[in-house]
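Single-structure report; data block below.
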């Protein structure tokens with residue numbers, strides 16, 4: 001997310017890369033995000049949205065983070081959770097194997113895409129649990145607010161309501177994460193993300209469009225949070241760049257909520273303390 005600041009994003013990527021490599025060394029390598037055996041598409045009015053399905057049991061939908069994010073950031077979480085649950089991991093429009101489409105990017109548009117995927121998979125009208133990380137958490141707020149008929153429980157990890165949720169220092173030191181800057185700072189990551197895309201030539205424009213979206217002070221309105229009927233778990237690291245009091249603000253707005261602050265962790269709690277974070281999430285979803 002833009003509001004986290006460039007250095008924080010680079011650190012988050014280092015965490016993700018280290019844990020992913022370690023996990024892959026101890027298990028058969030599953031190409032999460034580009035897995036032909038698990039991959040499916042749902043046609044929306046202007047774009048095909050890609051998702052992967054794993055496991056059996058009560059369904060939980062995963063919504064990944066922004067810019068650096070993609071389905072594969074959930075590799076270890078999917079591996080563990082899919083032992084007892086059906087995991088539906090959605091690729092946000094423009095990311096990886098999902099098409100960009102023609103509509104403007106927004107968290108509300110991402111939520112509508114997720115709603116169409118859920119309705120297509122579970123045609124009986126079954127409610128699902130939703131877990132969103134960072135940008136995916138913001139999308140989760142919008143989804144639970146606008147489609148209460150689809151969401152049973154929501155886990156929102158590290159998701160602010162807007163750029164104003166970041167600390168003053170982060171906002172002052174922040175800079176746009178341009179395609180050129182990303183190429184300079186993390187060329188291997190850029191190469192990987194482009195390789196995962198069905199239209200890699202759209203990468204630069206995707207990053208510019210996302211930065212324009214992140215410039216909005218408010219992503220989801222407080223009235224939308226108050227309207228969420230699903231029981232919600234707010235999770236964050238105590239060192240997340242978003243101010244702790246902002247997560248408390250969200251918690252207080254929700255009619256039915258719990259909160260878990262993971263000690264010693266920044267933004268990427270599932271890679272900082274995966275076992276603890278997954279246990280807290282799983283216990284809540286039970």
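The values are calculated or read from the model by the stated rules, or taken from the named source; none is laboratory data. No experiment lies behind these values; they were computed from the predicted model shown. As a convention, Cβ positions derive from the backbone with ideal geometry for all residues, glycine included, and neighbour counts pool all protein chains shown.
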Residue list for the range 120-134, filter: out of contact with any strand residue (DSSP E or B) (no Cβ under 6 Å at 6 or more places or on another chain) and surrounded by fewer than 20 Cβ atoms within 10 Å (Cβ to Cβ): 121, 122, 123, 124, 125, 126
Only one of 87, 42 is in a strand (DSSP E or B), at pLDDT 95 or above and over 17 Å from the mean Cα position of the chain (by Cα). Can you tell me which? 42
Considering only residues of the range 55-70 that are part of a strand (DSSP E or B) and buried (at least 23 other Cβ atoms within 10 Å of the Cβ), which is farthest from the chain's Cα centre (by Cα)? 60
Please pick out the residue among 77, 117 that is crowded, with 19+ Cβ neighbours inside 10 Å, more than 15 Å from the chain's Cα centre (by Cα) and in a helix (DSSP H, G or I). 117
Could you run through the range 239-272 and say how many residues are touching a strand residue (DSSP E or B) at 6+ places or on another chain (Cβ under 6 Å), closer than 15 Å to residue 133 by Cα and assigned to a loop (DSSP other than H, G, I, E, B)? 3
Give the range 250-277 a look and list any residue that's over 27 Å from residue 75 (Cβ atoms), surrounded by fewer than 20 Cβ atoms within 10 Å (Cβ to Cβ) and touching a helix residue (DSSP H, G or I) at 6+ places or on another chain (Cβ under 8 Å), or say none. 253, 255, 257
Mind listing whichever residues of the range 80-93 are surrounded by fewer than 22 Cβ atoms within 10 Å (Cβ to Cβ) and touching a helix residue (DSSP H, G or I) at 6+ places or on another chain (Cβ under 7 Å)? 80
Give me the pairs: first residue in the range 263-281 and at positive phi and touching a residue at least 12 places away in the same chain (Cβ under 8 Å), second residue surrounded by 17 or more Cβ atoms within 10 Å (Cβ to Cβ) and part of a helix (DSSP H, G or I), beta-carbon distance under 8 Å, and six or more apart or on different chains, which are they? 264/272
